[in-house]
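So the structure is just underneath, and the comments pick up after that.
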Amino acid sequence: MKKFITTNAKQTQKLGEILAGELKGGVVICLSGDLGSGKTTFTQGLLKGLKVEGPYTSPTFVIMKKYKKNIFHFDAYRVEARDILNLGWEEIIAKKNNVIIVEWADRIKKIIPKKSLWIKFEWRGENKRKIIINN
């Protein structure tokens with residue numbers, strides 16, 4: 001487990017960018033935390049680090065965005081596990097080169113693979129965030 005404290009959005013994005021450099025395909029990155037805790041900001045950095053062209057917005061209303069040919073970004077805030085399954089979840093997680101980012105992953109925990117990377121975000125003030133990476 002690794003813990004980080006960021007004190008502005010740029011630091012949170014940079015942490016995501018750094019993590020991107022460590023990733024190999026076949027990973028599900030599960031983000032959890034309250035509204036405003038930094039999940040989307042972190043994902044913006046992660047996508048930048050994965051060399052995805054912006055703009056980077058959370059797929060809150062579309063549920064899933066596909067970047068490049070192997071990067072998927074899900075937002076489970078407004079849906080249930082069966083909704084994600086209907087988007088081809090099983091096929092997406094089965095491909096060894098895919099990178100899957102899931103905001104609000106705790107809401108669909110029952111379909112998340114066991115060997116996923118969990119990152120928890122805690123709001124600690126206007127600009128301060130605590131980010132805990134469990135792998």
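Derivation of every value follows stated rules applied to the coordinates shown; laboratory data play no part. Owing to the predicted nature of the structure, the values given are computational and were not obtained by experimental measurement. Cβ sites come from the backbone with ideal geometry, for glycine too, and all protein chains shown count toward neighbours.
Numbers for the structure displayed
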{"read-out": "Peptides 62-68, 122-128 ordered by average Cβ neighbours within 10 Å, highest first", "value": "62-68, 122-128"}
{"read-out": "Summed side-chain charge close to ILE119 - residues other than ILE119 whose Cβ falls under 12 Å, Lys, Arg +1, Asp, Glu -1", "value": "+3"}
{"read-out": "Net charge over other residues, Cβ less than 14 angstrom from the Cβ of VAL52 (K, R count +1; D, E count -1)", "value": "+4"}
{"read-out": "Note, ³J(HN,Hα) from phi for segment 14-25, Karplus 6.51, -1.76, 1.60, rounded to Hz, x at Gly and Pro", "value": "4, 4, x, 5, 5, 4, 4, x, 8, 7, 10, x"}
{"read-out": "Separation between Cα centres of segment 93-122 and segment 1-53, rounded to whole Å", "value": "13 Å"}
{"read-out": "Sparse-neighbour loop sites [trypsin sites (Lys or Arg not before Pro); segment 82-116; at most 11 other C-beta within 10 Å; DSSP]", "value": "LYS96, LYS114, LYS115"}
{"read-out": "Helix-derived mean residue ellipticity, 222 nm - over the chain, DSSP H n ≥ 4, -39500 (n - 2.57), to 500", "value": "-7500 deg cm²/dmol"}
{"read-out": "Kirkwood-type radius of the chain, with distances r between different C-alpha atoms, in Å", "value": "14.7 Å"}
{"read-out": "Karplus-derived 3J(HN,Hα), 6.51/-1.76/1.60, for each residue of segment 36-50, Hz, glycine and proline x", "value": "x, 8, x, 4, 5, 4, 4, 4, 4, x, 4, 5, 4, x, 8"}
{"read-out": "Amide H contacts under 5 Å for ILE101, placed H, 5+ residues apart", "value": "ILE29, PHE72, HIS73, PHE74"}
{"read-out": "Whole-Hz ³J(HN,Hα) from phi, Karplus 6.51 cos²θ - 1.76 cosθ + 1.60, for segment 107-119, glycine and proline x", "value": "6, 10, 3, 5, 10, 7, x, 4, 8, 7, 9, 9, 10"}
{"read-out": "Sum of side-chain charges, VAL28 neighbourhood, beta-carbon under 11 Å (Lys, Arg +1; Asp, Glu -1)", "value": "+2"}
